[in-house]
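Notes for the one structure printed next.
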Amino acid sequence: MIEIENVHKSFGDLDVIKGVSLTVNKGEVVSIIGGSGSGKSTLLMCINGLEVIQQGSIRVDGTEVHNKATDLNRLRQKIGIVFQQWNAFPHLTVLENVMLAPRKVLGQSRAEAEEVAVRQLTHVGLADKLKVFPGKLSGGQQQRMAIARALAMSPDYMLFDEATSALDPQLVGEVLDTMRMLAEDGMTMVLVTHEISFAREVSDRVAFFRNGLVHEIGTPEQVLVSPQYAETADFLKSVL
Amino acid sequence: MLTTSITSTDLLFLLQGAWTTILLTLWAMLLGTAGGVICGLLRATLPRATLPLAWVLDAFRSVPLLIQFVLFNSLKSIAGLDWSAFSVACAVLGVYAAAYCTEIVRSGVLAVSPNVRRAGRSLGLNYWQDLRYIVMPMATRIAFPGWLNLTLSVMKDTALVMWIGIVELLRASQIIVTRIQEPLLVLCIAGLIYYFISLVVARLGNQLEKRWQEND
Ligand SMILES: Nc1ncnc2c1ncn2[C@@H]1O[C@H](COP(=O)(O)OP(=O)(O)OP(=O)(O)O)[C@@H](O)[C@H]1O
Ligand SMILES: [Mg+2]
């Protein structure tokens, strides 16, 4: 369970998150939508401690993320994150990209890590690209590799930050399929997305972010079909 | 017209000088790279705290090497150090190379995308693992051409060690020129040897780069 309580986050003078509370239960898929600059990416980074917060608390399975005593490297093992820019390690092959963290962080043997990596890469449809370097892959393939790389750590949570918005339209589908598969497998996920119809299809709840706050939250039907607030409706109009 | 008084002994003498040049370059680059990697990483990670280090290295980069040789040599006598001229040469060239290498390493490390590092950290890699498995390999590829240039320029700079009494390739050719009075021929041969050494270094470097480029 991810428990976000009254989180405030600023970059210098710029208040980006101004008191967000949000709970993500085990097995739940929560989508976050909202305009550019509303603090969606920043919130995801705060969840696994890549960014510090100024106020409030974030607990993952009861562990306080922003506590000096917390071993962040250990916590991050169970929180996979996929970024908008796929961020491949360009000097490693696809297989090595996926094997790196399991070997170095989890201490798996080469054989163990390779078995897991091949399984994950096959799962995302990259079984024929194992020995290829990321530079030779399409954007969609790189993004699927990034998903496999995160999954190879057997995380309990997956965070997706606009995983498809840097992709050509014809490549979006393959990445969404991969994410849909995960949702069906019961993975707990937080998705920041602009794909409204996809959010509606896979989410248990949808949160609309505005000016660093959760403006509206509820089931996909409540928020996406019959929103309570005019701002939500306006936003939906602007992205559809 | 085509007669020359250069002997095979002279050629051997030149080759010995070339060997000294190679050894000096190797040692200088070994010391310089080790120092440059350490200082460059420090400069990239703690830019504020290591500002004084930057000033010191700036001094080594801006004072002509010749002055550094002579200064260090006199300092050595004053301090009573019992170093051979060769050790002095390696030390001075090494520090000089380290000063340049620091900048090369620093900019290489800074050129590694913070987003890629972030992705690494998000997988649970700790600071040192990120440095070892992501930053260093990526920065090496970025910094390599600059490092190769430095190697070639240090090789030419080794000629200055003649001022502290070491006979390397250039000094060796001067000695022969003085004796047989055929500067054009001798200097051409010396130049060819320099060219040949550079060619080998550059070739090796290009091969390495090509292997890396195939991956991109
Ligand atoms: N490292 C940073 N330093 C300073 N300001 C930052 C930093 N990261 C983000 N910001 C600022 O914080 C605000 C929120 O950024 P964030 O990336 O969280 O928005 P977002 O909701 O993800 O937007 P988008 O949909 O465009 O990705 C923006 O105004 C951005 O300029
Ligand atoms: Mg964002």
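The values are calculated or read from the model by the stated rules, or taken from the named source; none is laboratory data. Treat the numbers as computed from the prediction; the structure is a model and nothing was measured. Neighbour counts run over all protein chains shown; Cβ positions are idealised from the backbone, glycine included. Heavy atoms of the whole protein, side chains included, go into the accessibility calculation; ligands, DNA and RNA do not. Shrake-Rupley method; radii C 1.70, N 1.55, O 1.52, S 1.80 Å.
At a glance:
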read-out	value
5 angstrom amide H check on A:Gly34, placed H, neighbours 5+ away	A:Phe209
The stretch B:30-174 - percent relative contact order, Cα under 8 Å, separation 6 or more	33
Accessible surface ranking that places the most exposed of A:His8, A:His123 first, with a 1.4 angstrom probe	A:His123, A:His8
Only Lys, Arg (+1) and Asp, Glu (-1) charged, at Cβ; the stretch B:89-216 dipole about Cα centre in debye	340
Among A:52-62, B:110-120, the order from most to least packed when residues are scored by Cβ within 10 Å on average	B:110-120, A:52-62
Within the stretch B:30-174: Cβ-based charge dipole about Cα centre, in debye rounded to nearest 20 (Lys, Arg +1; Asp, Glu -1)	520
Interface A:B - total buried accessible surface [probe 1.4 Å, Å², rounded to 100]	2000
Shielding of A:83-92 by partner chains, average beta-carbon count, 10 Å	6
A:Glu112, A:Glu174, A:Glu51, ranked by accessible area, largest first (probe 1.4 Å)	A:Glu112, A:Glu174, A:Glu51
Solvent-accessible area per residue for the stretch B:30-174 (1.4 angstrom probe, square angstrom)	47
Mean separation of Cα contacts under 8 Å (6+ apart) over length of the stretch A:87-155, as relative contact order %	47
Cβ neighbours within 10 Å from other chains - mean over A:98-106	4
Distance between modelled label sites at A:Arg110 and A:Thr23, nm, 7 Å Cα→Cβ extension	4.8
Angle between chain B longest axis and helix B:85-111 axis [Cα atoms, degrees, rounded to 10]	30
Cα-based Rg / Dmax (Å) for chain B	20.9, 75
Signed unit charges on C-beta, dipole axis of the stretch A:87-155, positive-most listed residue A:Leu95, A:Gly125, A:Leu137	A:Leu137
Added length on full extension, which subtracts the Cα-Cα distance from 0.36 nm per residue, B:Leu46 to B:Tyr195	49.7 nm
Karplus-derived HN-Hα couplings along the stretch A:176-181 (A = 6.51, B = -1.76, C = 1.60, θ = phi - 60°), whole Hz, x at Gly and Pro	4, 4, 4, 5, 4, 4
Spin-label zone in the stretch A:149-163 - amide nitrogen under 19 Å from a point set 7 Å from the Cα of A:Val239 along the C-beta vector	A:158-163
Accessible surface of A:Ser138 - all protein chains present, 1.4 Å probe, nearest 10 Å²	40
